[in-house]
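Everything on this sheet refers to the single structure shown next.
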Amino acid sequence: MKIWTSEHTFRHPWSTVAQAAWRKYPNPMNPSVVGVDVLDRRVDQEGKLHSHRLLSTEWGLGSFIKKFLPIQMLGGDTCYVSEHSVVDPEKRTMVLQSTNLTFSNYVSVDERLTYEPHPTEKDSTLLTQEAIITVKGVSLSSYLEGIMASSISGNANKGRQAIEWVIGKINSEVSELAETAKSGMKDITDNLEKITKVSNKTNTDSI
């Protein structure tokens, strides 16, 4: 068993980061995630949002690693991951827990991500990640667990870049909406001015 942990600070408020985490896929940094399906979503009596999603990902295992895997694991590169998440808007926490469903008899990766306001830095969000990797019934299992931990670390960096990319999209959308609203208000104001001028002219002509 191999345990991998990491912390990262986003220089954005929790609400922004949490929204970006929901909209993380698809993104150009994590092309291995090829599908996201929502299986269940509900709000409990305490106002917490519970979601269950199924992620379809590509293993992307190198030919060297595949030499050590059972033949049952070489039939395809698609892996299905079950993800449960809980968002607590009052405490401002978002917790995602995921585990692979495919090939779980041989390899299990249990991951937990927690997004919460940074305890000391204002308008920042702390992401805490933990992954437990277990390889069973395979030669050199400890070695393979180490390689997979390194792969998870690399993917985590890409995931953080993806969050920043989504935040950029959100900010762009907000700017576009603001510009559209501004343009719409200008059109309304211009039309009101025209109506007022016509009305004033009509009143003047009738005198």
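The values are calculated or read from the model by the stated rules, or taken from the named source; none is laboratory data. The structure presented is a predicted model; accordingly, all values stated were derived computationally and were not measured. Quick reminder, even Gly has a Cβ in these numbers, built from the backbone with ideal geometry, and neighbours come from all protein chains shown. To get the accessible areas, we keep the full protein, side chains included, count just its heavy atoms, and leave off ligands, DNA and RNA. Shrake-Rupley method; radii C 1.70, N 1.55, O 1.52, S 1.80 Å.
Quick notes on this structure:
- Restricting attention to segment 1-48, the residues being among the polar types (S, T, N, Q), within 16 Å of the chain's Cα centre (by Cα), within 20 Å of residue 81 (Cβ to Cβ) and surrounded by fewer than 18 Cβ atoms within 10 Å (Cβ to Cβ) number 2.
- Scanning segment 103-110 for any residue that is modelled with pLDDT of 95 or more and assigned to a strand (DSSP E or B) turns up at least one such residue.
- Hey, residue 146 modelled with pLDDT of 85 or more, assigned to a helix (DSSP H, G or I), under 21 Å from the mean Cα position of the chain (by Cα) and not polar (S, T, N, Q) or not: no
- Which numbered condition residue 157 misses (of (1) in contact with a Phe, Trp or Tyr (Cβ under 7 Å, 6 or more places away or on another chain); (2) open to solvent by 10 Å² or more (accessible area, probe 1.4 Å)): (1)
- Residues being in contact with a helix residue (DSSP H, G or I) (Cβ under 6 Å, 6 or more places away or on another chain), surrounded by 16 or more Cβ atoms within 10 Å (Cβ to Cβ) and in contact (Cβ under 8 Å) with a residue 40 or more places away in the chain - total across segment 82-114: 1
- For segment 111-129, the set of residues classified as within 26 Å of residue 42 (Cβ to Cβ) and either within 16 Å of the chain's Cα centre (by Cα) or part of a loop (DSSP other than H, G, I, E, B) (or both) consists of 111, 112, 113, 114, 115, 116, 125, 127, 128, 129, listed by residue number.
- Flag if residue 173 is free of Cβ contacts under 8 Å to residues at least 12 places away in the same chain, part of a helix (DSSP H, G or I) and under 22 Å from the mean Cα position of the chain (by Cα): yes
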